[in-house]
């Protein structure tokens, strides 16, 4: 599925690069493992047969990413003002856990817009920070930007 050098996204962990594929003997059973270095300097090993179930995917190409960012500029996505905090949190967490770029970017957009109008509670603030880190890591790899440059691009997409 993936090969050494591929840039991937691990839902809830962020973007990284496949640095090796190794055969390991665990409990008397040989399995192939992907060795992935995430941008946050964490290295993980994932059994090859669990890659699909976990939802690991290729980093989005630069053109698709630009389309997603453009959609954030042109659409007022925040439509859940009537939801309670708990309902909003559950919906947003489901979107982030999906690993889907569009759903994750919607959560970030909605929380950034909500935060502009009023202070977020601590759970939503933490959710926003975590979701932004995940998206920023993907923007960084897809566009070859630093995290700071990626953050500037994201903020200009949401607020302009």
message = If I go through the range 27-70 residue by residue, how many of them are more than 22 Å from residue 96 (Cβ to Cβ) and either at pLDDT below 90 or in the same structural domain as residue 135 (by TED's automatic domain parsing) (or both)?
response = 5
request  = Considering only residues that are outside any strand (DSSP E or B) and touching a residue at least 40 places away in the same chain (Cβ under 8 Å), look in the range 19-45 and name the one that is surrounded by the fewest Cβ atoms within 10 Å (Cβ to Cβ).
outcome  = 40
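For every residue, the table says whether it meets (1) in a strand (DSSP E or B); (2) farther than 24 Å from residue 144 by Cβ; (3) out of contact with any helix residue (DSSP H, G or I) (no Cβ under 9 Å at 6 or more places or on another chain); (4) not assigned by TED's automatic domain parsing to the domain that holds residue 146.
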| position | (1), (2), (3), (4) |
| --- | --- |
| 17 | yes, no, no, yes |
| 72 | no, no, no, no |
| 104 | no, no, no, no |
| 116 | no, yes, no, no |
query = Based on what the data block shows, is residue 98 out of contact with any strand residue (DSSP E or B) (no Cβ under 6 Å at 6 or more places or on another chain) and over 30 Å from residue 17 (Cα atoms)?
reply = no
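A quick yes/no check of all residues on (1) farther than 30 Å from residue 18 by Cα; (2) in contact with a strand residue (DSSP E or B) (Cβ under 9 Å, 6 or more places away or on another chain); (3) at pLDDT 90 or above:
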| site | (1), (2), (3) |
| --- | --- |
| 83 | yes, no, no |
| 89 | yes, no, yes |
| 111 | yes, no, no |
| 131 | no, no, yes |
| 141 | no, yes, yes |
query = Among the residues of the range 8-18, which ones are within 20 Å of residue 53 (Cβ to Cβ) and surrounded by fewer than 19 Cβ atoms within 10 Å (Cβ to Cβ)?
reply = 11, 12
task = Could you tell me whether the range 78-91 includes any residue that is touching a residue at least 40 places away in the same chain (Cβ under 8 Å) and either within 23 Å of residue 40 (Cβ to Cβ) or in a helix (DSSP H, G or I) (or both)?
result = no
ask   = Given the conditions (1) surrounded by fewer than 19 Cβ atoms within 10 Å (Cβ to Cβ); (2) within 13 Å of residue 9 (Cβ to Cβ), which single one is not true for residue 137?
value = (1)
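The values are calculated or read from the model by the stated rules, or taken from the named source; none is laboratory data. In this text, all values refer to a predicted model and were calculated from it rather than measured experimentally. With ideal geometry, Cβ positions are generated from the backbone for all residues, glycine too; neighbour counts draw on all protein chains shown.
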